[in-house]
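Participant: The structure follows.
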Amino acid sequence: MSVVTPKDRRPRPGRTGVPEDATTEAPLALWFSDGWIVTRRNLTKLKRSPDMLVFAVLQPIMFVLLFSQIYGGSIEVEGSDYTQYLMAGIFAQTVIFGSTFSGSAMAQDLKDGIIDRFRTLPMSSSAVLIGRTNSDLVLNTLSVVIMMGTGFLVGWRVTTDAGSALAGVGLLLLFSYAFSWVMALLGMSVKSPEVINNASFMILFPLTFISNAFVQPQNLPGPLETFANWNPVSALVQAVRELFGNTGSVPVPDAWPMQNALPMVLVGIVLLLVVFVPLCIRKFASISSR
Amino acid sequence: MAIIEAAGLEKTYSSKTGPVHALAGMDLSVPEGTVKALLGPNGAGKTTVVKILTTLIQPTAGSARVDGLDVLRHPKAVRRIIGVSGQYSAVDENLTGFENLDMVGRLYHLGASASRRRAQELIDQFELTEAGNRPVKGFSGGMRRRIDLAGALVIRPKILFLDEPTTGLDPRSRISLWGIIKDLVRDGTTLLLTTQYLEEADQLSDDIVVIDGGRAIAEGTSDELKAQIGGHRASVSLLEQADAPTARAVLGRHGDGEPVTGDDGRSIEVAVSDGPLALQLILAELEEAGVALHDAGMRRPSLDDVFLTLTGRRAEDSTTSTASTASTTSTTSSDSTDGTAGKETAA
């Protein structure tokens, strides 16, 4: 057996890693570029997994068609045509479900060990999370555009102006972005990527179904009606309906969040970000592949 | 002066069956420009040591410095000078080999053009041309390991950490990777390597730390460790198993300590202090007794012998391990899980 003889080896000058002043860029610029590099990496993954992209495109189309064509004829909403009423609900549900991707992708990255690579690099500690939530935002934007197109085909219309419509789209995306951080935290906390889908559905189904997305809260049994009226998803849907001009003459429930849907959603978005961004960053600083 | 220094490292996880001490007072010192191997069975705590030194996890107690920098207080400064290649290939499957390396360079903040240049250099140096322009998924484990190792070298790190670099590789890929690692350390990179392969530690390192139950139980060059347990081994292999008792008696008379019989019942060996002379006497006496031999010879003690002597069990046979004072995980869990077997207790 041969043994390496180390005696003649000596440290070579210049082998010193990255010098402190390797870059003159400001921390903020570095934070921005780190986040962008990870975003680009995630989008490349999307581009190279056509099955994922097809699913991301088809699912919103399917949701719009299924709900509008199947329930459209059976569900009555006083004061509005169901398709008009429904669409904001479908949009909200789809973008919120879309944000679960942040969770499963974080869990998968953790499992694959790539998180360990990132965590041993001198990069910004939030860049991986920023990159993750950013790429979900891109995917959700695509999803909203597709849904609006499909909605248009089945008779849905925006009755306000372009500015309000854009604000509605912005609100949907902002909410889903904030929700991505919740899901990212969940993704870093579960033991395996397989768990994350079940775990997130346990949260998302009640959250989106016990709301005004598909039905009028006043038709729900007592406690569920209260939950639906105070559910942030209801506020989102209500605000988006208002911005798209899809409220018709549907009576607005008496609850405060329903009467003040837009401020309620904005407060909700800020709260989610204020709570979950720091939690995610803290969690990220201690995770490692298993 | 030591470039890696750790004292009294402890890492405790809570699990359903109670606290798990992945590390129980581990000390380590690696002089600059040398290669040190952490050798031990699965669950000994090797990966946990590397994860602490590379800022991935925080120890429950103890301190560690890398190039004079406290890993707890200055993790980012530590990350600027180290290269890490973990037990699992930390490569993005959907990116090409080139894109993986380019991304790592940019996240080291080398800048776009320097990152691209370095990525291409590494692709050429590691003969990764094939994987350079195609997504990593679909390439063999050996290729992934090479890309991962290249990722650890993007900045020409001052200190390199390789956690079980060849685990799971076929023998050919293993030897090829050994060649690459030997080239790397020739010009003075400090390397801390973990392995459960005795031969690997022997091949690559200057100095070996034998680790078991979350602490170092022996340290030295491979020759020093072997010297600790005495000189050579005289071994005979019998044609007839029936001769075993006779042969054992003969070997016992000329050796130091009890002869050891192999699993096949025909090979017997014993430690001897006076080398070839003892073998000559043994052979002469066996011939007199009419014992027919299939093979006979001398061998230097292996690191497996070292481990057996130090711990009372074989390094590669962790299933027979008795629960040591510190580790409750060494029987079944793999080293990769020893760091994360349970929920982390508050550090």
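Participant: Please compute the contact order of segment A:137-259 in relative form: average sequence separation of alpha-carbon pairs under 8 Å and at least six residues apart, divided by the residue count, as a percent.
Facilitator: Details: 88 pairs, mean separation 36.4, N = 123.
Once divided by the residue count of segment A:137-259, the mean separation gives 30 percent.
Participant: Please report, in Å, the Rg and the Dmax of the protein assembly as shown, where both are computed over Cα atoms only.
Facilitator: 31.4, 113
Participant: Please order B:Met298, A:Met123, A:Met264 by the number of other Cβ within 10 Å, starting at the fewest. Before the final figure, lay out the partial values.
Facilitator: Numbers: B:Met298 15, A:Met123 24, A:Met264 21.
Result, fewest neighbours first: B:Met298, A:Met264, A:Met123.
Participant: OK, next. Could you tell me the calculated FRET efficiency between A:Ser249 and A:Thr141, based on Cβ-Cβ distance and R0 = 45 angstrom, to the nearest 0.05?
Facilitator: Working: r = 32 Å, r/R0 = 0.70.
Efficiency, rounded to the nearest 0.05: 0.90.
Participant: How crowded by other chains is B:154-160, given as the mean number of beta carbons from other chains within 10 Å of each beta carbon?
Facilitator: 4
Participant: Counting other beta carbons within 10 Å of each Cβ, put B:Asp295, A:Asp81 in order, fewest first.
Facilitator: Details: B:Asp295 11, A:Asp81 15.
Ranked by crowding around the Cβ, least crowded first: B:Asp295, A:Asp81.
Participant: Turning to a different aspect of this structure: Can you tell me how segment B:131-197 classifies by the Cα gyration tensor, rounded, prolate or oblate, using a/c under 1.5 as the rounded cut? Working shown, then result.
Facilitator: Working: a/c = 2.00, a/b = 1.29, b/c = 1.55.
The shape class here is oblate.
Participant: What angle do you read, to the nearest 10 degrees and between 0 and 90, between the alpha-carbon axis of helix B:171-186 and the longest principal axis of chain B?
Facilitator: Relative to chain B, helix B:171-186 is tipped by roughly 70 degrees.
Participant: Percentage of Cα-Cα pair distances in segment B:203-260 greater than 15 Å, rounded to whole percent? Numbers along the way, then the final one.
Facilitator: Details: 1049 of 1653 pairs.
The share of Cα pairs beyond 15 Å in segment B:203-260 comes to 63 percent.
Participant: How shielded is A:107-120 by partner chains, expressed as the average number of their Cβ atoms within 10 Å of its Cβ atoms?
Facilitator: Values: counts 0, 0, 2, 0, 1, 6, 8, 9, 2, 10, 15, 4, 9, 17.
Average neighbour count from other chains, rounded to a whole number: 6.
Participant: Which trypsin sites (Lys or Arg not before Pro) in segment B:1-88 sit in a loop by DSSP (not H, G, I, E or B) and have at most 13 other Cβ atoms within 10 Å of their own Cβ?
Facilitator: On the way: sites: B:Lys11, B:Lys16, B:Lys36, B:Lys46, B:Lys51, B:Arg65, B:Arg73, B:Lys76, B:Arg79, B:Arg80; in loops: B:Lys16, B:Arg73, B:Arg80.
When the trypsin sites (Lys or Arg not before Pro) of segment B:1-88 are filtered for loop state and at most 13 Cβ neighbours within 10 Å, B:Lys16, B:Arg73 remain.
Participant: Based on the Cβ-Cβ distance of A:Phe55 and A:Lys191, what FRET efficiency does E = 1/(1 + (r/R0)^6) give at R0 = 30 Å, to the nearest 0.05? Intermediate results must be reported in sequence, preceding the final value.
Facilitator: On the way: r = 25 Å, r/R0 = 0.82.
Efficiency for this residue pair is about 0.75.
Participant: Calculate the mean, over all residues of peptide A:281-289, of how many other protein chain Cβ atoms lie within 10 angstrom of the residue's Cβ. Working shown, then result.
Facilitator: On the way: counts 0, 0, 0, 0, 4, 5, 4, 10, 10.
That average works out to 4.
Participant: Give, rounded to the nearest 20 debye, the magnitude of the charge dipole that chain B has about its Cα centre when Lys and Arg contribute +1 at Cβ and Asp and Glu contribute -1 at Cβ.
Facilitator: On the way: 36 positive and 48 negative charges, 371 e Å.
The dipole of chain B has a size of about 1780 debye.
Participant: Still on this model: How much length is gained on full extension from B:Asp124 to B:Arg186, taking 0.36 nm per residue of separation minus their Cα-Cα distance?
Facilitator: Numbers: separation 62, 0.36 × 62 = 22.32 nm, distance 1.90 nm.
Full extension from B:Asp124 to B:Arg186 adds 20.4 nm.
Participant: So what's the angle, to the nearest 10 degrees on a 0 to 90 scale, between helix B:112-125 and the longest Cα principal axis of chain B?
Facilitator: 20 degrees
Participant: Give me the angle, in degrees from 0 to 90, between the Cα long axis of helix B:276-288 and the longest principal axis of the Cα atoms of chain B, rounded to the nearest 10.
Facilitator: The helix B:276-288 is inclined about 40 degrees to chain B.
Participant: Further, regarding this structure: Could you tell me which helices of chain A pass both thresholds, a Cα extent of 20 Å or more along their own axis and a mean Kyte-Doolittle hydropathy of at least 1.6, with helices taken as whole DSSP H runs? Walk me through the numbers on the way to the answer.
Facilitator: Values: long enough: A:27-48 (32 Å, -0.26); A:50-66 (23 Å, 1.96); A:82-112 (45 Å, 0.34); A:127-153 (39 Å, 1.23); A:162-189 (41 Å, 1.66); A:193-209 (24 Å, 1.04); A:261-284 (33 Å, 2.37).
Length and hydropathy pass: A:50-66, A:162-189, A:261-284.
None of the figures in this text is laboratory data; all of them are computed from the coordinates on show. This structure is a prediction, so every number in the text was calculated from the model and none was measured. Every residue, glycine among them, receives a Cβ derived from its backbone with ideal geometry; neighbour counts consider all protein chains shown.
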